[in-house]
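Values in this text are rule-based calculations from the coordinates and carry no lab data. Every value quoted in this text rests on a predicted model; they were computed, and no experiment measured them. Quick reminder, even Gly has a Cβ in these numbers, built from the backbone with ideal geometry, and neighbours come from all protein chains shown.
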Amino acid sequence: MTTASDLPTLAPRPAPRAKGRNVMAVASGKGGVGKTWFSITLAHALSRAGRKVLLFDGDLGLANVDIQLGLMPKTDLGSVVAGRMTLNQACVPYTEGGFDILAGRSGSGTLANIPLSRLQLLGDDLVVLSNSYDKVVVDLGAGVEKTTRNFAQQAGTIMVVTTDEPTSLTDAYAFIKVTHMERPGTDMRIVVNMANSTREGERIYNTLLKACEGFLKISPQLAGVIRRDLKVREAIRNQTPILTRSPNSEAAADVEAIVERLLRT
Ligand SMILES: Nc1ncnc2c1ncn2[C@@H]1O[C@H](COP(=O)(O)OP(=O)(O)OP(=O)(O)O)[C@@H](O)[C@H]1O
Ligand SMILES: [Mg+2]
């Protein structure tokens, strides 16, 4: 487990302005908190709200947007890294959800070892690509590694996902701390996932908020609470988005409420 005190102390730097204002990255400290499922559902809900959306699989180690959706895209980030095509050409329409997807490279090995300079260029290309969309949702890998932070730095908004597990909360705090040190003023919002109830989720948020206010002097907003819901696992097992399979489930309603609030602000 990473604790906040294990992290390298980074000297605060002036905030480089977020380049992709309509890019929303979905991050977490600890893995397995529901980022990929949330990214897919967020992209789907934004698309249902009439926005032109791209879902970008930015988890270079274990890309799995395509797996949760049961897709076998012919083009992916691997094709771009290999120089066979541009980012733009590697996007495929996901007709079912009404949005585009830029898949990672889940079937054929990892992209985690791309040199940072190449990654930075990819990040720049992503920002250019984001001009063709209303919103770009980036599903990040867990943790605070350089590859993850590279994509996070392109985002106008970072959704930090946590659950009620103490390790997940500590690691979410660690992510927020590192991001704040690197880019003070970053718009970070908290998503509490797999909460036993909305109220319980809000309590979890308040715990994290207190730590952020006490130690970092920042107050990240609550994007929303998503309740624990068996329909989530069922949708993933069936490789169907929850907004298609169980649009009236609690978890689906919670994500739609998050999107409604997002589009209002
Ligand atoms: N609201 C929810 N209610 C119930 N189960 C959930 C919920 N959200 C996510 N899950 C469960 O959590 C599991 C992990 O989800 P997911 O793969 O999206 O997490 P992740 O954060 O992307 O993981 P990784 O860090 O490995 O990329 C899913 O298989 C699903 O069963
Ligand atoms: Mg994931």
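Computed extension length for Glu250-Asn238: 2.5 nm, one decimal, from 0.36 nm per residue of separation with the Cα-Cα distance subtracted. For the stretch 73-203, the relative contact order comes to 17 percent (Cα pairs under 8 Å, sequence separation of at least 6). Around Asp66, what is the net charge, scoring Lys/Arg as +1 and Asp/Glu as -1 over all other residues with Cβ under 12 Å from its Cβ? Net of charged neighbours comes to -2. Peptides 51-57, 128-134 ranked from most to least packed by the mean count of surrounding Cβ atoms within 10 Å: 51-57, 128-134. Helices in the chain, meaning DSSP H runs of at least 4 residues, each add -39500 (n - 2.57). Divided by all residues, the mean residue ellipticity at 222 nm is -12000 deg cm²/dmol. The Cβ shell under 11 Å around Gly31 holds other residues with a net charge of 0, Lys and Arg each +1, Asp and Glu each -1.
Peptides 82-89, 186-193 ordered by packing proxy, namely the average of other Cβ atoms within 10 Å per residue, highest first: 186-193, 82-89.
Applying the Karplus relation 6.51 cos²θ - 1.76 cosθ + 1.60 with θ = phi - 60° to the stretch 135-150 yields 3J(HN,Hα) values of 9, 10, 9, 10, 7, 8, x, 6, x, 10, 5, 4, 4, 5, 5, 4 Hz, where x marks Gly and Pro.
Anisotropy class assigned to the stretch 16-159 is rounded, per the alpha carbon gyration tensor with a/c under the 1.5 cut-off. Comparing the stretch 18-264 with the 2.2 N^0.38 Å rule of thumb, its C-alpha radius of gyration ratio is 0.93 (two decimals).
Distant-in-sequence amide contacts of Ser249, defined by a placed amide H-H separation under 5 Å and a gap of 5 or more residues or a different chain, comprise nothing. Could you give log10 I(q)/I(0) at q = 0.15 Å⁻¹ for the stretch 215-265, computed by the Debye formula over C-alpha point scatterers of equal weight, without solvent? These q points yield log10 I(q)/I(0) values of -0.49. Packing-based ranking of 232-241, 205-214 yields 232-241, 205-214, ordered from highest to lowest mean Cβ neighbour count within 10 Å. With 32 Å as the limit, the listed pairs Lys30/Lys217; Lys135/Lys210; Lys35/Lys217; Lys74/Lys177; Lys146/Lys231 have Lys74/Lys177; Lys146/Lys231 beyond it between alpha carbons.
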